[in-house]
Amino acid sequence: MIARMDHTLLNTHLVTEAAKLKAAFATAAPDVKVPTCPDWTAADLIDHVTETYDHKIQSMRLMRAPGEDFRIDRPGGPAAQFDGALADLIAEFASRGPESLSYTWYGPDQSVGFWIRRMAQETVIHRADAELAAGQPISPVDDALALDGIDEMLTVMLTWGSRAFRDSVADEIAANNGLEVALQAGTQSWTIQVDPEGVSAVEGVTAAAQATLTGTPDEVLLWLWRRLPVDALDVKGHRTKPEALYDLIGAFAQ
C-alpha cells in the first residue's frame with residue numbers, strides 16, 4: 001500500500017517545485033506557446049498557477065466555493081504576482097494547519113491538507129509545462145512525490161471523479177467499458193479498470209490486465225497527466241489499450 005506523503009514534505013516540495021517553475025518561466029519568452037497546453041503562452045501558464053493559488057486561498061478563507069471574482073490584487077508582472085500568491089498560500093497553510101476544515105471540491109476530504117497535497121502536485125505538473133515552454137527537458141520528480149501524485153490521480157481524479165462527475169464523462173466511460181490496464185512505477189503497481197460504474201484502481205497487476213505499462217515513478221506520473229506522449233512508457237500486452245486509457249484520462253487531466 002502506498003503511504004500518503006507527510007504534509008510537511010508536501011509543503012516543502014510545493015516551495016521547491018514553485019521555484020523551478022519560476023526559473024523555467026524566467027528563461028522562456030512570455031509569448032512562447034506551451035507545448036503541452038497549446039492554447040497557453042508561458043505568461044498564461046504562470047498566470048494560471050497564480051490564479052489557482054488564489055482560488056485555494058479564498059477557498060480556505062471563505063469556507064465555500066469562491067465566486068468568479070476571487071483573484072487577489074497584487075502589484076507587478078506575472079512573476080511578481082506568482083511570488084505573492086505563493087507566499088500568501090504558504091502563509092495560509094502555516095496559519096491553519098493540515099487538519100483544519102476547508103472547503104474543497106473533493107467531497108471525502110474537506111481539509112487544508114487536501115489543498116497542500118493538491119497544490120504540490122499541481123505545481124509539479126505545471127513546472128514540467130514551464131520547462132517544456134523554455135525548451136528544456138523535464139527535470140526529474142522526486143520518487144516519493146511522484147508516487148503520491150500517481151495515488152492522487154488514481155483515487156481522486158479517476159475513481160472518485162468518474163462517479164462524482166458521472167454525467168460529464170458518461171460517454172467516455174461507456175466507450176471504454178471493460179478496459180483493464182496495469183501501471184508499474186518502480187516497485188509499485190496498480191491496475192486501472194473501467195466498468196459501467198466508472199473507473200477503479202486496485203493495487204497490483206491483475207491477471208485480467210490487457211496491457212502493462214512500465215516506467216519510473218515520475219514517468220508514470222507525467223504520462224498520467226499527459227505531459228509525456230502516449231508511447232513514452234514500455235508496454236507489455238495489447239498495445240492499443242494504453243492508447244485508449246490515455247485518451248480516457250484526457251477527460252480528467254488538464
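Quick check: the angle from helix 166-175's long axis to the longest principal axis of the chain, C-alpha only, nearest 10 degrees?
30
Can you list the GluC sites (Glu not before Pro) in segment 9-82 that are in a DSSP coil and have 12 or fewer other beta carbons within 10 angstrom?
On the way: sites: GLU17, GLU51, GLU68; in loops: GLU68.
Filter output for segment 9-82: GLU68.
With a ≥ b ≥ c taken as the square roots of the eigenvalues of the C-alpha gyration tensor of segment 123-163, please select rounded if a/c is under 1.5 and otherwise prolate if a/b is larger than b/c or oblate if it is not?
Since a/c reaches 1.5 but b/c is at least a/b, the shape of segment 123-163 is classed as oblate.
Compactness ratio of the chain: Cα Rg over 2.2 N^0.38 Å, N = residue count?
Details: Rg = 18.2 Å, N = 254, 2.2 N^0.38 = 18.0 Å.
Cα-based Rg divided by the globular estimate yields 1.01.
Mind ordering 96-108, 80-92 by average Cβ neighbours within 10 Å, highest first?
Working: 96-108: 14.6, 80-92: 18.3.
Averaged packing, sorted descending, gives the order 80-92, 96-108.
Which Cα, out of ILE116, GLN81, HIS48, lies furthest along the positive dipole direction of the chain (beta carbon charges, K/R +1, D/E -1)?
The residue sitting farthest along the positive end of the dipole is ILE116.
How big is the Cα convex hull of segment 209-254 in projection, averaged over all directions, in nm²?
Answer in nm², one decimal: 3.0.
On a 0 to 90° scale, report how tilted helix 42-62 is relative to the longest principal axis of the chain, with both axes built from alpha carbons and the result rounded to the nearest 10.
80
With a 1.4 Å probe and every protein chain left in place, tell me how much accessible area PHE93 has, in Å² to the nearest 10.
10
Roughly how big is segment 24-127's charge dipole about its Cα centre, with Cβ charges of +1 (Lys, Arg) and -1 (Asp, Glu), in debye to the nearest 20?
In total the dipole reaches around 300 debye.
Remind me, what semi-axes does segment 1-134 give for its equivalent ellipsoid, largest first in whole Å, using sqrt of 5 times each Cα gyration tensor eigenvalue?
In descending order, the three semi-axes are 25, 17, 13 Å.
Using a 1.4 angstrom probe and counting only protein chains, how large is the accessible area of ILE116 in Å², to 10?
For ILE116, the solvent-accessible surface is approximately 10 Å².
With only Lys, Arg, Asp and Glu charged, each at its Cβ (+1 for the first two, -1 for the last two), find how big the charge dipole of segment 50-101 is about the Cα centre; round to the nearest 20 debye.
For segment 50-101, the charge dipole is close to 120 debye.
For GLN254 and ASP143, FRET efficiency with R0 = 25 Å and r from the beta-carbon atoms, rounded to 0.05?
It comes out at approximately 0.55.
Ratio to report: Rg/Rh of segment 89-204, with Cα atoms as the point set and Rh obtained by the Kirkwood method; give two decimals. If you can, show how the numbers build up before the last one.
Numbers: Rg = 16.4 Å, Rh = 16.2 Å.
Radius of gyration relative to Kirkwood radius: 1.02.
For the chain, what is the mean residue ellipticity at 222 nm derived from helices alone (per DSSP H run of n ≥ 4: -39500 (n - 2.57); sum divided by total residues; nearest 500 deg cm²/dmol)?
Estimated from H runs of four or more residues: -16000 deg cm²/dmol.
Kirkwood Rh over Cα pairs of segment 106-174 into Stokes-Einstein at 37 °C, 0.692 mPa s: D in µm²/s?
238
For the chain, with only Lys/Arg (+1) and Asp/Glu (-1) charged at the beta-carbon, what is the dipole magnitude about the Cα centre, in debye rounded to 20?
Dipole size: approximately 200 debye.
Would you mind calculating the gained length between ARG163 and ARG71 on full extension (0.36 nm times residue separation, minus the Cα-Cα distance), in nm to one decimal?
Gain on stretching ARG163 to ARG71: 30.1 nm.
Once you have a ≥ b ≥ c as the square roots of the Cα gyration tensor eigenvalues for segment 35-83, tell me rounded if a/c is under 1.5, and otherwise prolate or oblate according to whether a/b is larger than b/c.
In terms of gyration-tensor shape, oblate.
Divide the volume of the convex hull of the Cα atoms of segment 137-254 by its number of residues and quote the answer in cubic angstrom per residue.
91
Would you kindly calculate the mean projected area, averaged across all directions, of the convex hull enclosing the Cα atoms of segment 1-55, in square nanometres?
Numbers: hull surface 20.9 nm².
Here the figure is 5.2 nm², rounded to one decimal.
Antiparallel as a % of all DSSP beta bridges within segment 81-232, to the nearest 5?
The antiparallel proportion sits near 70 percent.
Between the helical axis of 240-249 and the dominant principal axis of the chain, each derived from Cα atoms, what acute angle in degrees is found, rounded to the nearest 10?
Compared with the principal axis, the helix lies near 30 degrees.
Extent of segment 144-189 along each principal axis, from alpha carbon coordinates, in Å, largest to smallest?
Principal-axis extents of the Cα atoms in segment 144-189, largest first: 34, 20, 9 Å.
The values are calculated or read from the model by the stated rules, or taken from the named source; none is laboratory data. All figures in this text were calculated on a predicted structure; none of them were measured in a lab. Cβ sites come from the backbone with ideal geometry, for glycine too, and all protein chains shown count toward neighbours. Heavy atoms of the whole protein, side chains included, go into the accessibility calculation; ligands, DNA and RNA do not. Shrake-Rupley method; radii C 1.70, N 1.55, O 1.52, S 1.80 Å.
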